[in-house]
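These notes are about the structure you will find just below.
The values are calculated or read from the model by the stated rules, or taken from the named source; none is laboratory data. Everything numeric here is computed off the predicted structure, so don't read it as measured data. Neighbour counts are summed over all protein chains in view; Cβ atoms, including those assigned to glycine, are modelled from backbone coordinates with ideal geometry.
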Amino acid sequence: MNEYIIPFEPSTPIPAKTKAVVYAEIRGLTSGFKPEYVIIGSGVANSFDVHEIKAQGKSQFSAPGPIPGGVFAEKTIGYLSAEQHEWLRLFRDIVLGSGERVELTVENKTDGTVPLCAVLIGKHVAEVKAETERKFAEVIPGVANKLAAKKLFAEGAEASPLGTIKELLLRMAGLSFDAGVLGADITRKDRGVLSRRYVMGFDTTRVEPGQTAYVTKRPQLRFRPEDLSIPDEAAQKLKIVDIKVGKCSQFVSSGNADASAFSDKAPQRPTLHLDIAEVSMDVTLTVYNHTTEPVDFSATIVGSAAP
């Protein structure tokens with residue numbers, strides 16, 4: 001399936017310590033465009049913090065606050081497995097028409113002027129629909145054609161109000177990103193339960209040598225943290241002492257964990273399934289600097305909106 005690349009504009013250099021808003025506008029696709037990734041050029045990504053990504057007026061973040069631009073770097077994405085790419089796929093239930101835009105807010109955190117090179121990657125809706133139907137015809141035993149696949153999917157959707165059968169069928173086909181293209185009667189809430197993913201960034205915090213830091217963020221919607229990513233440079237110098245959702249530790253025993261396991265360059269990061277964080281509930285990362293130099297710690301958590 002073809003991927004389409006749309007540049008964010010304007011591409012003018014951004015002055016030091018300055019925020020800027022840039023846009024990727026959809027042009028010429030009459031049947032719609034399904035955005036999937038925001039990618040920033042690896043040569044400049046670490047110079048920026050990403051403060052917001054919006055589509056159709058909706059934030060794709062679960063809580064306000066910057067995320068290191070390196071998370072979206074093309075080089076970083078190159079280190080991820082196919083499964084890990086899923087956590088960067090932000091726009092799960094968004095289809096854009098011609099003239100609509102994705103809004104990206106960044107801040108140049110350096111002391112010099114830096115040009116921003118960023119693109120939006122996605123697929124043509126007509127191609128997504130054709131690929132979806134093809135996969136269902138292949139993976140569901142006894143289905144001879146795409147019309148039968150559609151019928152079976154619709155029956156499954158009606159048979160389980162909790163979405164269990166729908167989710168099973170979607171996962172069988174590897175299609176959790178979009179159920180609606182098959183024509184089943186799935187509400188916006190259902191799609192969110194199955195597939196909507198949000199990003200929550202932790203503000204950069206300096207951790208002095210031999211010291212422990214507590215870094216807290218409060219989501220603005222019910223949110224289940226699932227993927228933790230820490231910039232590799234910091235991850236190599238830190239231990240994770242604890243992860244808490246509200247007052248509850250997510251560790252099953254005492255002892256520190258190597259932050260390098262959650263490095264943005266780790267070949268296989270652990271998949272988490274933490275407790276649901278209610279609106280404005282503290283999500284706290286406790287980290288320890290085991291080196292002799294100060295470390296600037298930041299982190300990103302991606303997870304699902306909880307029903």
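Could you pull out the residue among 191, 224 that is assigned to a strand (DSSP E or B), modelled with pLDDT under 90 and under 30 Å from residue 95 (Cα atoms)?
Details: 191 fails: assigned to a strand (DSSP E or B).
Of the residues listed, the single one that is assigned to a strand (DSSP E or B), modelled with pLDDT under 90 and under 30 Å from residue 95 (Cα atoms) is 224.
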* Structure fact -> Every listed condition ((1) under 13 Å from residue 301 (Cβ atoms); (2) in contact with a Leu (Cβ under 7 Å, 6 or more places away or on another chain)) holds for residue 271 save (2)
* Filter region 18-66 down to the residues that are more than 19 Å from residue 121 (Cα to Cα) and of a type in the set (A, V, I, L, M, F, W, C), then identify the one that is surrounded by the most Cβ atoms within 10 Å (Cβ to Cβ). => 48
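Is it true that residue 280 is part of a strand (DSSP E or B) and among the polar types (S, T, N, Q)? Can you show your working first?
Working: part of a strand (DSSP E or B): no; among the polar types (S, T, N, Q): yes.
Judged against the criteria, residue 280 is not a match.
Is there a residue in region 11-28 that is in contact with a helix residue (DSSP H, G or I) (Cβ under 6 Å, 6 or more places away or on another chain) and not in a strand (DSSP E or B)?
We begin by selecting, within region 11-28, every residue in contact with a helix residue (DSSP H, G or I) (Cβ under 6 Å, 6 or more places away or on another chain); these are none.
No, that holds for no residue.
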* Out of region 55-72, which residues are touching a residue at least 24 places away in the same chain (Cβ under 8 Å) and either part of a loop (DSSP other than H, G, I, E, B) or more than 15 Å from residue 201 (Cβ to Cβ) (or both)? -> 55, 56, 58, 60, 62, 63, 64, 65, 66
